[in-house]
Amino acid sequence: MDSLTIIYTLSGILFTATIPTIIIEYVVLVLLREPDKRVRHSSVLINLITNITLNLCVIHFCYSLRSIVIGEVSVVTVEAFWYYCFLNNIRRAAAYSLLCNASSFIIGYLAFSIIAHI
């Protein structure tokens, strides 16, 4: 891959997947009434890392249901441990990670399904 292709791929991922994911998951944390701003603000950083990594892996290795499921389970696990570092409550951290990621995945899937049929 040349540098222009890499830049194009990263900018596409950033604008079509990462930014919407960050917004959705931040809103979910607000709706869950998470009082700690560190948790909400740190969700931006962890999503930059996990979302871009997941999308690059899916694009580079294999765009299949299996790779997406494995990737999403990995992301939920990593983000649960990330939230645990702030919350010191593994159940709450796992619930946040699962709810945030399920919300962004479902909303993203629906949005792309609608766009594909326009």
Per the rule of 0.36 nm per residue minus the C-alpha distance, extending His60 to Ile114 adds in nm 16.9 nm
Arg91 and Val44 label points (each 7 Å along its Cα→Cβ direction) are spaced in nm at 3.2
The helix 65-87 Cα axis meets the longest alpha-carbon principal axis of the chain at an angle in degrees, between 0 and 90 and rounded to 10, of 30
Longest principal axis of the chain (C-alpha) makes with the long axis of helix 3-13 (C-alpha) an angle, in degrees to the nearest 10, of 50
So the angle from the long Cα axis of helix 37-61 to the longest Cα principal axis of the chain, reported in degrees to the nearest 10, equals 30
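No value in this document is a laboratory result; all are computed from the given coordinates. Please read these numbers as outputs of a predicted model, since none were measured by experiment. Neighbour counts run over all protein chains shown; Cβ positions are idealised from the backbone, glycine included.
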